[in-house]
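Presented below is the structure to which this report refers.
The values are calculated or read from the model by the stated rules, or taken from the named source; none is laboratory data. All figures in this text were calculated on a predicted structure; none of them were measured in a lab. Here the Cβ positions follow ideal geometry from the backbone for every residue, glycine too, while neighbour counts run over all protein chains shown.
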Amino acid sequence: MPRYARHLQDHTIVNPFPGLPRLEAAIGRKVVSRIGSNESMPISKHPLSEQWGAALYELARLYPDPYASAVRERAASLNGVAAGNVVVDAGADSLIGLFLRARVSPGDVVVCTAGTYPTFRYFAEGVGARVIEVPYAELDGVLCNDLPALARTANEHQAALLYLANPDNPTGTFHHHDAIATLRATLAADTLLLLDEAYIDFCDSAERQGVLAQTIRLRTLSKAYGLAGLRVGYAIAPQEWVDKADQIRTQFAVSSVAQAAAVAVLDAPDCATRIITASCALRDELAASLRQRGLTVLPSHTNFVCIVYPDADSALRKQKALLQQGIAVHRPPHPAMGHILRVTAHPDASQKSVLQCLENG
């Protein structure tokens, strides 16, 4: 049996409002009149219908499916898993917080790389975890997650959870499936591997498939599907972890509008293909332009590039120079990563003035 947070280990929580799709499945017919949900009655000339049309107004007026069943089914099909292996929430960030709450009790140890996606530490501290960080490894000048050191540290401290962003944010580097499988096999059975794959859509499709034991694989529709503002993400996990997550998840966090948008883009795979193709082309062009200017750019498996400067002061000067032009690039807040800038693959990034600033700012 999986090890959950102590207060959840032997306690099953029942959702009092499972939503109409599950009610319809239970009664074996469609619900044709929603007079039990206390939703507002429709009115003519509502501001939403006037500005954005009747369809969006109707989605906004009615409560969403709390289990986002249609999104689960499509995400499962996309990844070659069962719908019972998928849970949907309001973006990958919410999923990080959800599985920390499911596994980590106050005082438990969690392990991550020093300077990786900072939201993990933010949420980990919020659940009372003790965060232990492992430095990035530098292999042939490339910063990457040190998988053996992460596993060794997690085992030494009997960690409840190990967090790994793969592809990594902010470096953009990537470990292939075989390396992740080896990492999982090296970890103690009680250590949950939280694998943040927010950028996996920019990697080979073979890397995206399947369920791994005691592993949560996080995905988002923000990067490759263009829905960052609507907050839709999903996790692929063993069913017992999905079931426990469903017990503690905020049930109506993913709105009807967000669910409808997610279904639309998942039903139109060409949408993601075009975004991924264009983003990768821009990323490669940007990286080449920066390298031609003598800058150190890490290999990227994402929609951004990571520029490594000699020191934090150099990176900060360039960031400030760009901000004076009204251009925002990301400099990670962690002291270990203050010498890098993360730049999104976007036409604006290839402007001559931006490239000159990144070189000489």
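Observations on the model:
- Taken together, the residues in region 96-110 that are more than 13 Å from Ala165 (Cβ to Cβ) and touching a Phe, Trp or Tyr at 6+ places or on another chain (Cβ under 8 Å) amount to 6.
- Residue within region 305-315 that is outside the structural domain of Thr171 (by TED's automatic domain parsing) and under 21 Å from the mean Cα position of the chain (by Cα) present: yes
- Test: residue in region 249-257 that is outside the structural domain of Leu150 (by TED's automatic domain parsing) and closer than 19 Å to Asn79 by Cβ: no
- Test: residue in region 205-219 that is surrounded by 18 or more Cβ atoms within 10 Å (Cβ to Cβ), touching a residue at least 40 places away in the same chain (Cβ under 8 Å) and closer than 30 Å to Ala54 by Cβ: no
- Matching residues in region 263-284 - criterion: being within 28 Å of His175 (Cβ to Cβ), out of contact with any Pro (no Cβ under 9 Å at 6 or more places or on another chain) and surrounded by 15 or more Cβ atoms within 10 Å (Cβ to Cβ): Val265, Leu266, Cys271, Ala272, Ile275, Ile276, Ser279, Cys280, Arg283
- In the condition set (1) in the same structural domain as Gly115 (by TED's automatic domain parsing); (2) in contact with a helix residue (DSSP H, G or I) (Cβ under 7 Å, 6 or more places away or on another chain); (3) surrounded by fewer than 20 Cβ atoms within 10 Å (Cβ to Cβ), Leu295 is compliant with all but (1).
- Residues that are under 25 Å from Leu295 (Cα atoms), of a type outside the set (D, E, K, R) and outside any strand (DSSP E or B) do occur in region 174-193.
- Taking region 125-176 as the range and being hydroxyl-bearing (Ser, Thr, Tyr) and farther than 19 Å from Ala213 by Cα as the test, the residues that pass are Tyr136, Thr153, Thr171, Thr173.
- Just so you know, in region 75-127 the residues that are among the basic types (Lys, Arg) and in contact with a strand residue (DSSP E or B) (Cβ under 9 Å, 6 or more places away or on another chain) include one that is surrounded by the most Cβ atoms within 10 Å (Cβ to Cβ), and it is Arg103.
- Unmet criterion (only one of (1) of a type outside the set (Gly, Ala, Ser); (2) assigned to a loop (DSSP other than H, G, I, E, B); (3) in contact with a Lys or Arg (Cβ under 8 Å, 6 or more places away or on another chain); (4) assigned by TED's automatic domain parsing to the domain that holds Val242) for Pro42: (4)
To keep it simple, each residue is scored yes or no on (1) touching a helix residue (DSSP H, G or I) at 6+ places or on another chain (Cβ under 9 Å); (2) closer than 30 Å to Trp52 by Cβ; (3) part of a helix (DSSP H, G or I); (4) acidic (Asp, Glu).
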| site | (1), (2), (3), (4) |
| --- | --- |
| Val257 | yes, yes, yes, no |
| Val263 | yes, yes, yes, no |
| Leu286 | yes, no, yes, no |
| His301 | yes, no, no, no |
| Cys306 | no, no, no, no |
| Gln319 | no, no, yes, no |
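- Residue match in region 270-284 (condition: under 30 Å from Ala60 (Cα atoms), in a loop (DSSP other than H, G, I, E, B) and small (Gly, Ala, Ser)): no
- Qualifying residue in region 340-359 (condition: in contact with a Gly (Cβ under 9 Å, 6 or more places away or on another chain), closer than 24 Å to Gly115 by Cα and hydrophobic (A, V, I, L, M, F, W, C)): yes
- Qualifying residue in region 10-26 (condition: touching a strand residue (DSSP E or B) at 6+ places or on another chain (Cβ under 7 Å) and surrounded by 12 or more Cβ atoms within 10 Å (Cβ to Cβ)): no
- Meets criteria (more than 30 Å from Ala129 (Cβ to Cβ) and part of a loop (DSSP other than H, G, I, E, B)) for Val32: yes
- All positions within region 270-280 that are farther than 12 Å from Lys223 by Cβ and touching a residue at least 24 places away in the same chain (Cβ under 8 Å): Cys271
- Sub-9 Å Cβ pairs linking a first residue in region 51-73 that is more than 28 Å from Asn85 (Cα to Cα) to a second residue that is acidic (Asp, Glu) and outside any loop (DSSP other than H, G, I, E, B), at least 6 apart or interchain, are Tyr57/Glu50, ordered by first then second residue.
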